[in-house]
Amino acid sequence: MRLFRLFLILVICASCKQTVVNKGDDTLSYNVESEEFTSSSCTTEDTIIVLKDIAKCDSQIGLEKDNNMLFMLYQKKVNLLTRIGKVGDAYFEQGKAMELLPKEDVRRLEYEAIGAYLQQDLNRYSQLLNKAINECKKEPYDAAMILNQATFYTLLGNDEASKAVMENYLKDNDDEAISYAYEDYPHFKKQVLEGRTTLIKLLQTED
């Protein structure tokens, strides 16, 4: 199993499973397969269908008043945009979804951290990831939050803290993804850091 495939869109596809705006679990989404989300994998016919679906999403977004439904619609639109290789547009639309979340939501903090990294504001990047880590710590029995903590520590260059948080969780709990990441930490780290680099390059290219 490859826990972390190339993560092309940071928060972009993870929130498909997180349709409740006020619940911030399972935020990590650096693991998006590049093969699925590039324009080269779409035929002309596929692209036309996707564009029609995007237009339908836009119409629904314009009419929707419920924040939870809006969040779901933005996630759908983001996924459609990534399918046709519109990474920059997807990132922008994901920002609209993140604005629907509480400021302390881990997903929003993670998204804003990548924005800071993109702007080379490393102090803010570090502050936001540390805030996200503190939020994750509020749910010590949530495997997704543990994996998020480990990822954020890795992004901050704190390998020992990353491994420690996974090791402590595995003392009393069993989770395949966390076990995999802990047992093969060098691979975990490589995928996380390469994913960040790939995402930033993609967004800079589209600028």
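The values are calculated or read from the model by the stated rules, or taken from the named source; none is laboratory data. Every value quoted in this text rests on a predicted model; they were computed, and no experiment measured them. In this analysis, Cβ positions are derived from the backbone assuming ideal geometry, glycine residues included, and neighbour counts consider all displayed protein chains. The accessibility values were calculated without ligands, DNA or RNA, using every heavy atom of the protein model including side chains. Shrake-Rupley method; radii C 1.70, N 1.55, O 1.52, S 1.80 Å.
Within the stretch 156-166, the set of residues being out of contact with any helix residue (DSSP H, G or I) (no Cβ under 6 Å at 6 or more places or on another chain) and part of a helix (DSSP H, G or I) comprises Asp159, Glu160, Ala164. Among the numbered conditions (1) open to solvent by less than 70 Å² (accessible area, probe 1.4 Å); (2) farther than 25 Å from Lys189 by Cβ, the only one that Leu147 does not meet is (2). Against the condition outside any loop (DSSP other than H, G, I, E, B), closer than 21 Å to Arg124 by Cβ and open to solvent by 70 Å² or more (accessible area, probe 1.4 Å), how does Lys201 come out, does it pass? The answer is yes for Lys201. State whether the residues of the stretch 184-192 include one that is closer than 20 Å to Gly88 by Cα, aromatic (Phe, Trp, Tyr), out of contact with any Gly (no Cβ under 8 Å at 6 or more places or on another chain) and touching a residue at least 24 places away in the same chain (Cβ under 8 Å). No, because not a single residue in the stretch 184-192 is closer than 20 Å to Gly88 by Cα, aromatic (Phe, Trp, Tyr), out of contact with any Gly (no Cβ under 8 Å at 6 or more places or on another chain) and touching a residue at least 24 places away in the same chain (Cβ under 8 Å).
Entry remark, the stretch 175-197: residues being of a type outside the set (Gly, Ala, Ser), open to solvent by 20 Å² or more (accessible area, probe 1.4 Å) and in a helix (DSSP H, G or I) number 12 in total. Evaluation of Asp89 against the conditions (1) at pLDDT 95 or above; (2) under 30 Å from Leu70 (Cβ atoms); (3) part of a helix (DSSP H, G or I) shows that the sole unmet condition is (1).
Let's see how each residue does on (1) touching a residue at least 12 places away in the same chain (Cβ under 8 Å); (2) open to solvent by 30 Å² or more (accessible area, probe 1.4 Å); (3) in a helix (DSSP H, G or I); (4) under 24 Å from Arg196 (Cβ atoms):
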position: Ile48; (1), (2), (3), (4): no, yes, yes, no
position: Ile54; (1), (2), (3), (4): yes, no, yes, no
position: Ile61; (1), (2), (3), (4): yes, no, yes, no
position: Met69; (1), (2), (3), (4): no, yes, yes, no
position: Val78; (1), (2), (3), (4): yes, no, yes, yes
position: Leu81; (1), (2), (3), (4): yes, no, yes, yes
position: Gly85; (1), (2), (3), (4): yes, no, no, yes
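In the list Tyr125, Tyr141, which residue meets the criterion of being of a type in the set (Ser, Thr, Tyr), under 15 Å from Tyr153 (Cα atoms) and either open to solvent by 10 Å² or more (accessible area, probe 1.4 Å) or not in a loop (DSSP other than H, G, I, E, B) (or both)? Being of a type in the set (Ser, Thr, Tyr), under 15 Å from Tyr153 (Cα atoms) and either open to solvent by 10 Å² or more (accessible area, probe 1.4 Å) or not in a loop (DSSP other than H, G, I, E, B) (or both) holds for just one of Tyr125, Tyr141, which is Tyr125.
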